[in-house]
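Read through the structure below, which is laid out as structure tokens, and then see the notes.
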Amino acid sequence: MQKLKMHSPNLTRDRVSKLRDLFPECVTEARDEAGIARSVVNFDLLRQALSDVLVEGPNERFQLDWPGKREALLTAHAPIAKTLRPQRERSIEFDRARHLLIEGDNLEALKLIQETYLNQVKLIYIDPPYNTGRDFIYDDDYSERKEDYFERSSQGDLEGRRLVANTEANGRFHSDWLSMIYPRLKLARNLLRDDGVLFISIDDNEYQTLRQITSEVFGEHNFVATIIWQKVFSPKNSAKWFSEDHDYILVIAKNKLQWAPNALPQTQEMKDRYKNPDGDPRGPWASSDLAARNRYDAGLYPVECPSGRVITGPPVGTYWRFNKEKFLALDADKRIWWGDDGNNMPRLKRFLSEVKQGKTPQTFWPWKEVGHTQDAKKTLLKYVAFEHTENVLNSVKPVELLQRILLLATQPDEDAIVLDFFSGSASTGHAVLAQNQIDGGNRRFIGVQIAEPLTTPEPELETLFDMGRMRLRNVAATLREDQDGEDSSQPIGFRVLKVDTSNMKDVYYRPDEVKQADLLDMVDNVKEDRTDEDLLFQVLVDWGVDLTLPIRRETLQGKTVFFVDDNALVACFERGVTEDLVKELAGHEPLRVVFRDNGFVSDAVKINVEQIFRQLSPVTEVKSL
């Protein structure tokens, strides 16, 4: 019976496999330091195969480089033996929740969800540290080999040393920030759908480098726009040089040919511009100029007003937009407005019912349309009760700002996944819940935030993750009250998962290092403090199954059995599994089934499992842990 690997995918090996498909002559086998044969790339042959386009050696080239770039890339590809542990008591409506909150290092979280959400995310919005010299960045260790990183990530302590202050006095001020953001963007790109898009908030400190690094990861041709958000409503008189009134939001598509922003809804102000002074049965209209400056020789002719006055032609230097035949046809259809007295310069009537039902998005977003930082703080204070004002974030984003991004990048009727892996106070999750409530949307959010300690501990809050969780809990409660008596099928609850060390003992990953004297302690390869639900979620991660599918727990023949989305996956981690139970589970014809490796009542039952499923449910994939 095949065993689950129980660690994140090795992206380097995946790339070598893809390279073998393109250049089979360039991939061979060699033994690594441990003497294990592995597929490796013969770079000499690969250079020869790409000789027409390869730039090597000291030749000048356009690129962004910094100390630590190669190590950051290696770390992005290295697998980790960690897991996502369910936190049922910290969740809301756990069993039917469609949203996810993940507590932990976002680099590790991105690795763990690679297979589950590969090419599945429609929108990513992130608000990373701006690198102002006063904020914290993730302290990733780039000095070790990927094998060492794998070993450390299996057993190392997650808490305590993941965030460090990045001051301007640091000799690697920009390099450390780039090494932090680079691997995360590489992993994030894998998750985006081909018609997906990334929005990133940033300010002047790292705008230029972020533009370059996104061009490297996504390709310069997939850059869409830079939005300027007016984040304050009044100038800061204390500014030394200029009052910094804006932030940038970079927009980068996974594939620019497959993504375009949605039109924004028409505002009431836009609709109010349309009137119907002549009682036209086609409804309200607005007039536009019939003269244009582009040369059009057929647009030079006299017209006669209904009053009888003859206008010899358009204003000097302009041309009628239409030839005379088209003009007369429009006039006959009462689409030309001559003024109340029928004596004015002609104008074209454009009916509200016929114009594009939406507004083309612009790159300047004033605070009156999408909110400002003070609005954002007031919203946060509405849903999170603080005793210490120093804990209220300075960089929190308005919900209205995120809702506009949602309108541009998602449709209400699509099952769009929205990811924010610098979740902070959970403004993105709040916006998804609020916008779904407005338009009945099916959007789902995934928020990732490390347990960054608050400046001053609160009675119910210790970390920034706790702040975001409390906010979403209270937002969900408010929305539930609004839904009272209405359809409450809207997914409002969220599952909390935590990045943690693997559920498996060290022997699972390095059995060759086990000494004979330790064998009795290694009969069970699962850690003693882990529950069956812990194991279930590690299986979901390993198998790439959606982490928000409904889970049902049943007792069959005295054993606890998990049913994920009915028959998407069936799991039994009990000991003493009999052949009768195996047959009963096969009768459900699940797509996947998993057992504990030492959970069978006898070796004979374990040997017969695959044969039983082959006979009763041949579509089922059988594995063990």
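Here 264, 250, 352 are screened, and the one residue that is at pLDDT below 90 and crowded, with 17+ Cβ neighbours inside 10 Å is 352. The number of residues in segment 502-547 that are at pLDDT below 90, within 30 Å of residue 99 (Cα to Cα), surrounded by fewer than 18 Cβ atoms within 10 Å (Cβ to Cβ) and not basic (Lys, Arg) comes to 2. (1) farther than 21 Å from residue 477 by Cβ; (2) touching a Gly at 6+ places or on another chain (Cβ under 8 Å): which one isn't true of residue 373, the others all being true? Looking at each condition in turn, residue 373 falls short on (2). Residue 379 meets all of the listed conditions (1) surrounded by fewer than 17 Cβ atoms within 10 Å (Cβ to Cβ); (2) of a type outside the set (Gly, Ala, Ser); (3) closer than 20 Å to residue 482 by Cβ but one, namely (1).
Could you please let me know if residue 429 is of a type in the set (Gly, Ala, Ser), assigned to a helix (DSSP H, G or I) and either at pLDDT 95 or above or not assigned by TED's automatic domain parsing to the domain that holds residue 106 (or both)? Here the answer is yes, as residue 429 does meet what is asked. Within segment 427-444, can you find the residues that are touching an Asp or Glu at 6+ places or on another chain (Cβ under 6 Å) and buried (at least 24 other Cβ atoms within 10 Å of the Cβ)? 428 - this is the single residue of segment 427-444 that is touching an Asp or Glu at 6+ places or on another chain (Cβ under 6 Å) and buried (at least 24 other Cβ atoms within 10 Å of the Cβ).
Take residue 605 and decide whether it is at pLDDT 95 or above and either touching a Leu at 6+ places or on another chain (Cβ under 6 Å) or crowded, with 17+ Cβ neighbours inside 10 Å (or both). Taking the combined requirement at face value, the residue does not satisfy it. Of everything in segment 376-398 that is touching a residue at least 24 places away in the same chain (Cβ under 8 Å) and in a helix (DSSP H, G or I), the residue that is farthest from residue 477 (Cα to Cα) is 390.
Sort out which residues of segment 340-380 are under 25 Å from residue 318 (Cα atoms) and among the aromatic types (Phe, Trp, Tyr), and write them in order of number. If the condition is that a residue be under 25 Å from residue 318 (Cα atoms) and among the aromatic types (Phe, Trp, Tyr), then 351 is the only one that fits.
Set side by side, the residues 555, 548 differ, and just one is under 29 Å from the mean Cα position of the chain (by Cα) and either on the phi > 0 side of the Ramachandran plot or not in a helix (DSSP H, G or I) (or both), which is 548.
For residue 240, the conditions (1) closer than 27 Å to residue 405 by Cα; (2) surrounded by fewer than 16 Cβ atoms within 10 Å (Cβ to Cβ); (3) in the same structural domain as residue 207 (by TED's automatic domain parsing); (4) basic (Lys, Arg) are fulfilled apart from (1). When we screen 466, 482 for residues that are farther than 28 Å from residue 244 by Cβ, at pLDDT 90 or above and of a type in the set (D, E, K, R), the only hit is 466.
Only residues that are in contact with a helix residue (DSSP H, G or I) (Cβ under 9 Å, 6 or more places away or on another chain) and either crowded, with 16+ Cβ neighbours inside 10 Å or outside any helix (DSSP H, G or I) (or both) were counted across segment 355-371, and they come to 6.
Taking segment 446-456 as the range and being in contact with a strand residue (DSSP E or B) (Cβ under 9 Å, 6 or more places away or on another chain) and not hydrophobic (A, V, I, L, M, F, W, C) as the test, the residues that pass are 447, 449, 452, 453.
Whether a residue is in contact (Cβ under 8 Å) with a residue 40 or more places away in the chain and either outside the structural domain of residue 368 (by TED's automatic domain parsing) or touching a His at 6+ places or on another chain (Cβ under 6 Å) (or both) was assessed, and residue 341 does not pass this test.
The values are calculated or read from the model by the stated rules, or taken from the named source; none is laboratory data. It should be emphasised that the depicted structure is a prediction, and the values quoted were computed from it without experimental measurement. Ideal geometry is used to build each Cβ from the backbone, glycine not excepted, and the neighbour counts take in all protein chains shown.
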